[in-house]
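Data block below; observations after.
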Amino acid sequence: MIAVERVTPDAYAALFSDRAPGLHTVFNSPAFTQLYTHKCPGIHYLAFRRRNRVVAGIIAGETGGMLQSPFSAPYGGFTLLGAPAIALITELTDALTGYARELGLGIRITLPPVHIAPAEISAWAYVLGLREGIKITTDINYHIPLDGTAAYDSRMAPAARRNLRRGFSSNLSFHHLEATPEAIKRAYTIIKTNHEAMGHPMNVSETDTVRTCMALHGDLFTVTGPDGKDVAAAIFYRSCKGIAHNAVWGDIPAYRSLRPMNFLAHGIACHYRAEGLKTLDLGTASLCGHPQPGLCHFKETLSALPSLKYTFVF
């Protein structure tokens with residue numbers, strides 16, 4: 001039988017570090033979660049013990065009548081300290097369900113996209129999908145593999161290759177900035193301009209973006225035009241070993257004819273490949289299970305591959 005223990009953030013951090021043998025992402029760490037206590041004061045750091053040995057953990061926010069993992073991140077879920085055996089995952093799900101029901105709460109879990117750890121995430125999706133009364137939302141996520149011998153741009157669609165050539169011929173310049181508060185605000189302003197023009201509000205405030213980027217040692221990238229003005233920007237986090245996650249990016253609409261986003265994506269891919277990372281996670285291109293056709297098309301033209309991302313509510 002598995003027992004559930006609510007622990008402190010420091011105790012949780014000591015138990016579940018990036019040295020854990022199972023999938024461990026920065027979004028499942030107190031270092032990230034504690035930055036957002038103002039959005040959810042009731043955060044549960046839970047350790048699961050079998051015969052007094054910790055076997056797994058999860059961080060969940062108590063909000064909207066549910067335990068939500070994540071409550072303010074792209075994805076959440078459990079961190080395992082062993083192999084993703086179906087029997088163990090079933091016991092952990094039962095234990096979490098019992099804990100939540102005692103508090104009169106439902107459960108909402110969004111798993112990382114399958115490409116990050118195919119075997120482990122598939123096992124979780126299988127077990128969670130068997131829960132009675134389960135509601136499942138499936139989103140589409142895109143990633144660019146950076147390993148292998150082929151150059152990134154060699155896998156591009158012809159139209160994307162033409163757009164990239166247009167970027168190179170437009171005298172654009174790619175920059176990797178030091179993550180200072182001023183530089184983060186500079187990138188945020190560019191991206192906010194893009195989102196407002198597209199009619200999409202920013203999900204994270206400038207203040208929270210600065211705090212998060214500083215705490216996680218995020219990477220900032222910008223593209224400047226031939227006139228030296230900023231035309232595109234991106235903020236990335238090292239989400240887990242070998243993977244860089246696209247937190248947010250965008251361009252200035254007035255400069256779109258120069259194809260700065262294609263130029264930006266190429267520069268970022270080359271940067272991380274040179275560092276030895278294996279995957280560029282571009283994030284989702286759907287909302288609550290509904291595809292965003294323009295975003296899907298753009299990411300596909302960058303040679304990005306689709307991967308499923310599941311949310312379970314029960």
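Numbers at a glance
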item	result
Test for residue 294: is it outside any loop (DSSP other than H, G, I, E, B) and open to solvent by 10 Å² or more (accessible area, probe 1.4 Å)	yes
Residue in segment 294-314 that is out of contact with any helix residue (DSSP H, G or I) (no Cβ under 6 Å at 6 or more places or on another chain), touching a residue at least 24 places away in the same chain (Cβ under 8 Å), among the aliphatic types (A, V, I, L, M) and closer than 23 Å to residue 197 by Cβ present	yes
Near pairs, Cβ below 6 angstrom, 6+ apart or cross-chain, from segment 51-63 (more than 17 Å from residue 91 (Cβ to Cβ)) to any residue that is open to solvent by 10 Å² or more (accessible area, probe 1.4 Å) and of a type in the set (A, V, I, L, M)	61/43
Restricting segment 224-236 to residues that are over 15 Å from residue 185 (Cα atoms) and touching a strand residue (DSSP E or B) at 6+ places or on another chain (Cβ under 9 Å), the residue that is most open to solvent (accessible area, probe 1.4 Å)	226
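Results for (1) touching a Lys or Arg at 6+ places or on another chain (Cβ under 6 Å); (2) in contact (Cβ under 8 Å) with a residue 40 or more places away in the chain; (3) exposed (fewer than 15 other Cβ atoms within 10 Å of the Cβ), shown as yes or no for each residue.
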site	(1), (2), (3)
116	no, yes, no
121	no, yes, no
126	no, yes, yes
135	no, yes, yes
143	no, yes, no
165	no, no, yes
170	no, yes, no
199	no, no, yes
205	no, no, yes
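Results for (1) farther than 30 Å from residue 78 by Cβ; (2) open to solvent by 30 Å² or more (accessible area, probe 1.4 Å); (3) not small (Gly, Ala, Ser), shown as yes or no for each residue.
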position: 217; (1), (2), (3): no, yes, yes
position: 238; (1), (2), (3): no, yes, yes
position: 261; (1), (2), (3): yes, no, yes
position: 267; (1), (2), (3): yes, no, no
position: 278; (1), (2), (3): no, yes, yes
position: 301; (1), (2), (3): yes, no, yes
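The values are calculated or read from the model by the stated rules, or taken from the named source; none is laboratory data. Since we're looking at a predicted model, the values are computed, not measured. Using ideal geometry, Cβ is built from the backbone for each residue, glycine included, and neighbour counts are taken over all protein chains shown. Ligands, DNA and RNA are excluded from the accessible area calculation, which covers all protein heavy atoms including side chains. Shrake-Rupley method; radii C 1.70, N 1.55, O 1.52, S 1.80 Å.
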